[in-house]
Amino acid sequence: MLAGCASTAPPTEVKSQLAPTGELRVAVLTSNPIIHRTTPALGRELAAHAGVPAKLIDYGAVNKLMEDATKGAWDVAVVAIDPERRAIVDFAPAHLVADGFLTVLVPPGSSARRMADIDQPGMRVAAVRGAATQMVLSRTLKNATVLAAENEDAAFASMKEGKAQVYAQNRFILRARAATLPGARLLEDSFAGLHLAFALPKNRPAAARAVAQFVEKAKADGTVQRVIQDAGLRGEVNVAPPEQESPYKGM
C-alpha cells in the first residue's frame, strides 16, 4: 500500500475508500491538455502504489466531470483547486503550479492590453461553465460579465463570433487557439495562477490522506517532474512546493 498510509487507517480501509470497485477510476479531463498529458501517468502511479489496476475515464468538459463527483462515477480526478469545488470534493495538495497562467485571448483589432481594460461595463468574457476560469472571474470581475459556454470550442467561438469580447483560459490552451486566428493575442498580464491537484469525492478521509501522502512523495522523489518532462510541459508548469511551504490556500 501507499507508504505511511496505514498510520491513520488500516490498509484495507484505505483501499476500500480509494478504489471501492477494485480498480482506481481516474477521471481525465481531455479538454485541458496539461491535465490530459499528466493525469494518466500520475493516476497509474497512484494505482500501482495502492496495489490496484487503473481505469482511465475520459471527460470532455469539466462541468460533467464535477457533476459525476457525487454519483460514484470516479475515484480521483485532477482539476484546479477552487473554494467552490470544496463543497463536493476534497483536494490533495497541489502537484502542478504556474504563476500568472490564467489570462484571456483577445480577437484581432482589440486594443486591450491588461485585465483592467477588460473589466469594463458591457464587456463579456467567454469561459467554460464550471471551469476554474469561470469561477474565478465570476468572483473577481467588478464590471465585466462572464458568458458561460458548455465547452472550450463553444467559448472560443463566442469570442470569434463577437458574442464575447475575450476568451478566458490558461496560456497553454490560448496559445494554441491564437495560432488558428491570425491577429488574436494573449494579454500580457493574468487574473490568476494555476494550481492543479487530485480531487476525491467527499467522505473518503482515509483515501484523501493516502493520496495526499502519495502526492508529497511524488513531488519530493522527482516523479512529478518526470511526468512534466515526459508530457513536453517543461517551462509551462512546475512542481508545486511541499504543502507546508506553499502559501497557496485556494483561489
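The values are calculated or read from the model by the stated rules, or taken from the named source; none is laboratory data. In this text the structure is predicted, and so the values were computed from the model without any measurement. Here Cβ is always computed from backbone atoms with ideal geometry, including for glycine, and neighbour counts include all displayed protein chains. With ligands, DNA and RNA removed, areas are computed over all heavy atoms of the protein, side chains included. Shrake-Rupley method; radii C 1.70, N 1.55, O 1.52, S 1.80 Å.
What helices (runs of 4 or more DSSP H) lie completely within region 93-210 and have 2 or more residues being of a type in the set (A, V, I, L, M, F, W, C) and under 21 Å from LYS64 (Cβ atoms)?
On the way: elements: 115-118, 132-140, 152-160, 171-178.
Where helices (runs of 4 or more DSSP H) fall fully within region 93-210 and carry at least 2 residues being of a type in the set (A, V, I, L, M, F, W, C) and under 21 Å from LYS64 (Cβ atoms), they are 132-140, 152-160.
Residues in region 212-220: is at least one touching a residue at least 60 places away in the same chain (Cβ under 8 Å) and surrounded by 22 or more Cβ atoms within 10 Å (Cβ to Cβ)?
yes
I'm trying to understand the selection: among the residues of region 26-41, which are of a type outside the set (Gly, Ala, Ser) and open to solvent by 30 Å² or more (accessible area, probe 1.4 Å)?
The answer is THR30, PRO33, HIS36, ARG37.
Tell me whether region 41-63 contains one or more residues that are under 19 Å from ASN151 (Cα atoms), assigned to a helix (DSSP H, G or I) and in contact with a Lys or Arg (Cβ under 9 Å, 6 or more places away or on another chain).
Yes, there is a match, as at least one residue in region 41-63 is under 19 Å from ASN151 (Cα atoms), assigned to a helix (DSSP H, G or I) and in contact with a Lys or Arg (Cβ under 9 Å, 6 or more places away or on another chain).
Please pick out the residue among THR12, THR8, THR38 that is among the polar types (S, T, N, Q) and at pLDDT 95 or above.
THR38
I want to confirm something. Restricting to region 221-234 and keeping residues that are open to solvent by 70 Å² or more (accessible area, probe 1.4 Å) and either modelled with pLDDT under 95 or in contact with a helix residue (DSSP H, G or I) (Cβ under 8 Å, 6 or more places away or on another chain) (or both), which single residue is farthest from ALA98 (Cα to Cα)?
Among those that are open to solvent by 70 Å² or more (accessible area, probe 1.4 Å) and either modelled with pLDDT under 95 or in contact with a helix residue (DSSP H, G or I) (Cβ under 8 Å, 6 or more places away or on another chain) (or both), it is ASP230.
Quick one: ARG114 ticks every box in (1) open to solvent by less than 20 Å² (accessible area, probe 1.4 Å); (2) under 29 Å from LEU233 (Cα atoms) except a single one, so which number is it?
It is condition (1) that ARG114 fails.
Quick one: which of ARG44, ARG86 is open to solvent by 60 Å² or more (accessible area, probe 1.4 Å), at negative phi, of a type in the set (Lys, Arg) and touching a residue at least 40 places away in the same chain (Cβ under 8 Å)?
Values: ARG44 fails: touching a residue at least 40 places away in the same chain (Cβ under 8 Å).
Only one candidate passes the filter, namely ARG86.
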